[in-house]
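These notes are about the structure you will find just below.
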Amino acid sequence: MDGVTVINHPLVQHKLTFMRRKETSTAGFRRLLREISTLLCYEVTRDLELTVETIETPMEEMEAPVLEGKKLVFASILRAGNGLLEGMLDLVPSARVSHIGVYRDHETLQPVEYYFKAPESLSERLVIVVDPMLATGNSSIAAVDKLKERGAKNLRFVCLLAAPEGLKHFREAHPDVPIYTASIDSHLNEQGYIVPGLGDAGDRMYGTK
Ligand code: URA
């Protein structure tokens, strides 16, 4: 699908299989999510612009590459987004962070927003929105709506698993926001869970079920 990148690096796929297994422990699931998120971060930042600055090595002066522009922003959709956030911050420790509290009403499957905090000058930064599961797309669309309302113009969306229904819905709502995912699964079930999926990502990360 146009605007969708599936990250099929063997390490990503291997770790994802372990995350899907129902017998994987809470601690194991969290560790794998952190590891996999560094690999996803590597892919989503692959084409960032560089500039050069003059530095001195112990040998001589040189023009060396550094990232151009303002610090990027990771926008985590609470609560499961925080699992992706940690690994991303391991790779880009100086990034700014936005938290967006959106939960899914289990009956209507509609997003309910309860928290929003973001750094200044969103309009001048690349904003990478993270949520492990792109299911119906409702929460992700609402989060991106909110970020755009606050000025964000350059956004990317990273998830671990996506349902075809959610991808279509998200791309229709935000065709300017490219999506990066480790897998496109089969479908959504009636409760809005991704199948075969990995269950409820938040519950599996935090042992709440
Ligand atoms: N959120 C989850 O955590 N899992 C799903 O399968 C769908 C949405």
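The values are calculated or read from the model by the stated rules, or taken from the named source; none is laboratory data. Predicted, not measured: the structure shown is a model, and the values here were computed from it. Positions of Cβ are backbone-derived with ideal geometry, glycine not excepted, and every protein chain shown enters the neighbour counts.
Determine if the stretch 73-94 includes at least one residue that is within 16 Å of the ligand (Cβ to nearest atom) and in a loop (DSSP other than H, G, I, E, B).
Within the stretch 73-94, the subset within 16 Å of the ligand (Cβ to nearest atom) is 76-85.
Pick out the ones that are also in a loop (DSSP other than H, G, I, E, B) and you get 79-80.
Checking the stretch 73-94: at least one residue is within 16 Å of the ligand (Cβ to nearest atom) and in a loop (DSSP other than H, G, I, E, B).
Please pick out the residue among 150, 156, 171 that is more than 15 Å from the ligand (Cβ to nearest atom), in contact with a helix residue (DSSP H, G or I) (Cβ under 7 Å, 6 or more places away or on another chain) and touching a residue at least 40 places away in the same chain (Cβ under 8 Å).
Details: 150 fails: touching a residue at least 40 places away in the same chain (Cβ under 8 Å); 171 fails: in contact with a helix residue (DSSP H, G or I) (Cβ under 7 Å, 6 or more places away or on another chain).
Unique residue meeting the criteria: 156.
So which of 99, 9 is in contact with a Leu (Cβ under 8 Å, 6 or more places away or on another chain), within 30 Å of residue 150 (Cβ to Cβ) and modelled with pLDDT of 95 or more? Explain how you work it out, then say what you get.
Numbers: 9 fails: within 30 Å of residue 150 (Cβ to Cβ).
The conditions single out 99.
With the checklist (1) without any contact (Cβ under 8 Å) to a residue 60 or more places away in the chain; (2) basic (Lys, Arg); (3) within 16 Å of the ligand (Cβ to nearest atom) in hand, flag the one item residue 46 doesn't pass.
Exception for residue 46: condition (3).
Hey, among 156, 171, which residue is in a helix (DSSP H, G or I) and surrounded by fewer than 22 Cβ atoms within 10 Å (Cβ to Cβ)? If you could, list the steps in order and put the result at the bottom.
On the way: 156 fails: in a helix (DSSP H, G or I).
171 is the lone residue from the list that is in a helix (DSSP H, G or I) and surrounded by fewer than 22 Cβ atoms within 10 Å (Cβ to Cβ).
Which one is nearest to the ligand (Cβ to nearest atom), of the residues in the stretch 122-147 that are more than 15 Å from the chain's Cα centre (by Cα) and assigned to a loop (DSSP other than H, G, I, E, B)?
136
If you scan the stretch 174-185, which residues turn out to be over 24 Å from residue 199 (Cα atoms) and in contact (Cβ under 8 Å) with a residue 40 or more places away in the chain? Spell out the reasoning first.
Taking the stretch 174-185 and keeping what is over 24 Å from residue 199 (Cα atoms), we get 174-178.
Correct list: 175, 177, 178.
Can you pull out the residues in the stretch 174-209 that are among the aromatic types (Phe, Trp, Tyr) and either closer than 23 Å to residue 127 by Cβ or part of a strand (DSSP E or B) (or both)? Spell out the reasoning first.
Initially, the stretch 174-209 is screened for residues among the aromatic types (Phe, Trp, Tyr), giving 180, 193, 206.
Passing the criteria: only 180.
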